[in-house]
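The values are calculated or read from the model by the stated rules, or taken from the named source; none is laboratory data. Every value quoted in this text rests on a predicted model; they were computed, and no experiment measured them. Here the Cβ positions follow ideal geometry from the backbone for every residue, glycine too, while neighbour counts run over all protein chains shown.
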Amino acid sequence: MDRYRVRENKLTLVSKNLPHKILVRAPNWIGDAVMCEPAVRGLRSLFPEAELTMLARPTIAELFITHPGVNSVLRYDDKGAHAGMSGKWSLAGTLRRHRFDLAVLFQNAFEAAFLAWLAGIPRRYGYATDGRVLFLTEPVAVAKGPVPVHQVEYYWNLLRPLGLAGGAILPTLLVSADEGRTVDVRLAASGICSSDIIIGINPGSIYGGAKRWMSDRFAEVAKRLVRRLEQTENAHVAVVILGAKGEESLGKDIAAQLSGRSAVLSGATTIRELMAVVKRCRLLITNDTGPMHIAAAFGVPVVAVFGPTDWRTTAPYGQERSIVREAVDCAPCLLRECPIDHRCMTRVSVEKVYEAAIQVVKDEKLESERPERGGASTLEHANVLAQLAGYTIFLDRDGTLNPDPGYIKSTDQFELFPGVPEAIARLKRAGARLIVVTNQSGIARGFLTHDDLDAVHMKLRGLLGAAGASLDAIYFCPHHPDDGCDCRKPNRGMIDQSVREWKVNLDRSYLIGDHIPDIELAKRIGARSVLVTTGAVRRQEAERLKVSGPAPDWIASSLTEAVDWVLSDAGRLSAQIGERQGTHP
């Protein structure tokens, strides 16, 4: 099948000779590697039949050894067997024997391109950074824009010329049940039971001291949270302190200030063990570090203190609203050690971090425990939470989530309809996966750029996040209507990509939109559809569709009303299935 890419708004045919063996060079830092994970899944979706081998430092290799998109992992031991020029030559020989036909270099360094060249890999693809253009056969320019792009999107965007479309998806990591049980046994040795609530504290940073908030303030926040959660949740609460080798004394210092149960695991876990412990946490309070991104990838609520680093590029993806920082003139400076008074950290108070943590806990409780309607019983509430488990809701953007003034070129033009964040939050609490699918031909027409669109989508996520709502993915078609692409609605390209990347069950899907092509697309994929009259089609026109045209399953005057119907309809369908199977919904 031919693959296409957009470059300077022109459609260019990419070689039909698809790669069979791909070398993926992973970033060197844990946080960067986690933020690169969505792009690894994206690469797999582009070349589903190819053999993907990842080259990574030993620590990063541990993150990906169970990743479903990677066939095998090669460890790059640059401190041992692969140190020096002789070690590089030996590694290049190993790579040459694998006969890779494409190297995708997520790591930006000169060395990554040099090694791929030395290994004789014929296609070497990566960003044109660090003076390595001569060693790349397909250099990609780093996009420049007024708003710094998040690192998740930076890695995702690298693959756009290869054909990857849509918005970046959330990072996801996996640990096995056995790894989880091993961690439970280890915590039990410190008196922490499997039923206890765990607050994770990650006070260090191997990057440098400038990124570290004060240890006594971490301890004070932990003490307050323990008291609060034990009072409000009537549960036992313990603190687990995490960190890298060399940070053991920091962990012990914090533990000495706590009065309750705690475990110091600083410098005492493998990466796989760290992942399993982080997944076990109810909440992680941290600096801007790798474990912060690991927590976000497991869906663990995070409160992250940011100082010298750029929150716009490395905030926990999907949880940007939970960062705590002080706006000082010298930040972000990106320095490892502060040359002045460390004001970006010293001005972050215990109260500010504690209140952020309490708000995150409240939001998490709303997601998992708050009844949809006042006075709902516990049983009724449990049914609501499970009602959309396994369902995917596809959402149009312009005219459905936000007013459509034409081509939205900047964040200043973008705002949500009233009630949209609350409606999205209700769907998430009901267990649904939420994916936006939107035609954005303004890119091909030259009215806006990919960077413009990324900034708008960042604002969309931010507006939703402020209300405790979130999206799982955003896919968009950048092509002109005359291009004949398979992704512009009502064609199903974006839906098919979501099926590959998210394992969507289309038999359990809904599509909500404001245009006739949205309803036509729903019919093509077998989804149930809702036409909202907040955009292109008015109520009277929509009613006529029941007689002629692609009739929606429901017509709603707002997204709120659409969500009401989806919840009701899914409940009815579940009840019917339960009756057929002799069970209750």
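Give me the pairs, please: first residue somewhere in the range 123-140 and in the same structural domain as residue 104 (by TED's automatic domain parsing) and under 21 Å from residue 163 (Cα atoms), second residue anywhere and outside any loop (DSSP other than H, G, I, E, B) and among the β-branched types (Val, Ile, Thr), beta-carbon distance under 8 Å, and either six or more positions apart or on two chains.
Between residues of the range 123-140 that are in the same structural domain as residue 104 (by TED's automatic domain parsing) and under 21 Å from residue 163 (Cα atoms) and residues that are outside any loop (DSSP other than H, G, I, E, B) and among the β-branched types (Val, Ile, Thr), the close pairs are 125/104; 125/140; 126/104; 126/140; 127/140; 128/140; 139/133.
For the range 83-110, which positions are among the basic types (Lys, Arg) and either free of Cβ contacts under 8 Å to residues at least 24 places away in the same chain or closer than 22 Å to residue 50 by Cα (or both)? Talk me through it step by step, then tell me what you get.
The initial filter retains those residues of the range 83-110 that are among the basic types (Lys, Arg), namely 88, 96-97, 99.
Within the range 83-110, 96, 97, 99 meet the criteria.
Output the residue which, of all residues in the range 157-185 that are touching a Cys at 6+ places or on another chain (Cβ under 9 Å) and on the phi < 0 side of the Ramachandran plot, is surrounded by the fewest Cβ atoms within 10 Å (Cβ to Cβ).
If we filter the range 157-185 for residues that are touching a Cys at 6+ places or on another chain (Cβ under 9 Å), which is where we start, we get 165-166, 171, 184.
Those still in the list that are on the phi < 0 side of the Ramachandran plot too: 165, 171, 184.
Numbers: 165: 22, 171: 23, 184: 15.
Among those residues, the one meeting the criterion is 184.
Filter the range 303-351 down to the residues that are under 26 Å from residue 474 (Cβ atoms) and either of a type in the set (S, T, N, Q) or not assigned by TED's automatic domain parsing to the domain that holds residue 286 (or both) and list them by number.
Listed by number, the residues that qualify are 309, 313, 314, 319, 322.
Among the listed residues 190, 194, 205, identify the single one that is without any contact (Cβ under 8 Å) to a residue 24 or more places away in the chain and among the hydroxyl-bearing types (Ser, Thr, Tyr).
So the residue among 190, 194, 205 that is without any contact (Cβ under 8 Å) to a residue 24 or more places away in the chain and among the hydroxyl-bearing types (Ser, Thr, Tyr) is 194.
Looking only at the range 237-252, how many residues end up being surrounded by 17 or more Cβ atoms within 10 Å (Cβ to Cβ) and not in a strand (DSSP E or B)? Working first, answer last.
Just the residues of the range 237-252 that are surrounded by 17 or more Cβ atoms within 10 Å (Cβ to Cβ), to begin with: 237-244, 247-248, 250-251.
With not in a strand (DSSP E or B) added as a condition, the list becomes 242-244, 247-248, 250-251.
Result for the range 237-252: 7.
Exactly one condition in (1) under 31 Å from the mean Cα position of the chain (by Cα); (2) farther than 14 Å from residue 27 by Cα is false for residue 89; which is it?
Failed condition: (1).
Quick check on my filter: what residues within the range 262-281 are in a loop (DSSP other than H, G, I, E, B) and within 17 Å of residue 172 (Cα to Cα)?
Taking the range 262-281 and keeping what is in a loop (DSSP other than H, G, I, E, B), we get 265-270, 281.
Of everything in the range 262-281, just one residue is in a loop (DSSP other than H, G, I, E, B) and within 17 Å of residue 172 (Cα to Cα), namely 281.
Look at the range 423-481 and say how many of its residues are surrounded by fewer than 23 Cβ atoms within 10 Å (Cβ to Cβ), assigned to a helix (DSSP H, G or I) and in contact with a strand residue (DSSP E or B) (Cβ under 6 Å, 6 or more places away or on another chain).
1
Being modelled with pLDDT under 95, among the charged types (D, E, K, R) and surrounded by fewer than 17 Cβ atoms within 10 Å (Cβ to Cβ), is that true of even one residue in the range 123-131?
yes
Do you know which residues across the range 90-102 are assigned to a helix (DSSP H, G or I) and surrounded by fewer than 17 Cβ atoms within 10 Å (Cβ to Cβ)?
Taking the range 90-102 first, the residues assigned to a helix (DSSP H, G or I) are 90-98.
Selection gives 90, 93, 94, 96, 97, 98.
Take the residues in the range 298-348 that are of a type in the set (S, T, N, Q) and not in a helix (DSSP H, G or I); name whichever of them is nearest to the chain's Cα centre (by Cα). Spell out the reasoning first.
So in the range 298-348, the residues of a type in the set (S, T, N, Q) come out as 309, 313-314, 319, 322, 346.
Imposing the further condition that a residue be not in a helix (DSSP H, G or I) reduces the set to 309, 319.
Working: 309: 19, 319: 9 Å.
Among them, the one singled out is 319.
Would you mind listing the strands (runs of 3 or more DSSP E) fully within the range 103-203 where at least 2 residues are more than 30 Å from residue 361 (Cβ to Cβ) and over 20 Å from the mean Cα position of the chain (by Cα)? Talk me through it step by step, then tell me what you get.
Working: elements: 124-127, 138-140, 197-202.
Where strands (runs of 3 or more DSSP E) fall fully within the range 103-203 and carry at least 2 residues being more than 30 Å from residue 361 (Cβ to Cβ) and over 20 Å from the mean Cα position of the chain (by Cα), they are 124-127, 138-140.
When both residues are 6+ apart or on different chains and their Cβ atoms are under 6 Å apart, which pairs have a first residue that lies in the range 64-82 and is within 19 Å of residue 270 (Cα to Cα), and a second that is surrounded by fewer than 16 Cβ atoms within 10 Å (Cβ to Cβ)?
If the second residue must be surrounded by fewer than 16 Cβ atoms within 10 Å (Cβ to Cβ), the pairs left are 66/174; 73/65; 75/58.
Within the range 122-145, identify whether any single residue is touching a Ser or Thr at 6+ places or on another chain (Cβ under 9 Å) and closer than 20 Å to residue 61 by Cα, and answer yes or no.
No.
Of all the strands (runs of 3 or more DSSP E) wholly in the range 493-585, which have at least 3 residues that are modelled with pLDDT of 90 or more? I'd like the intermediate steps shown before the answer.
Details: elements: 509-513, 528-532, 554-556.
Where strands (runs of 3 or more DSSP E) fall fully within the range 493-585 and carry at least 3 residues being modelled with pLDDT of 90 or more, they are 509-513, 528-532.
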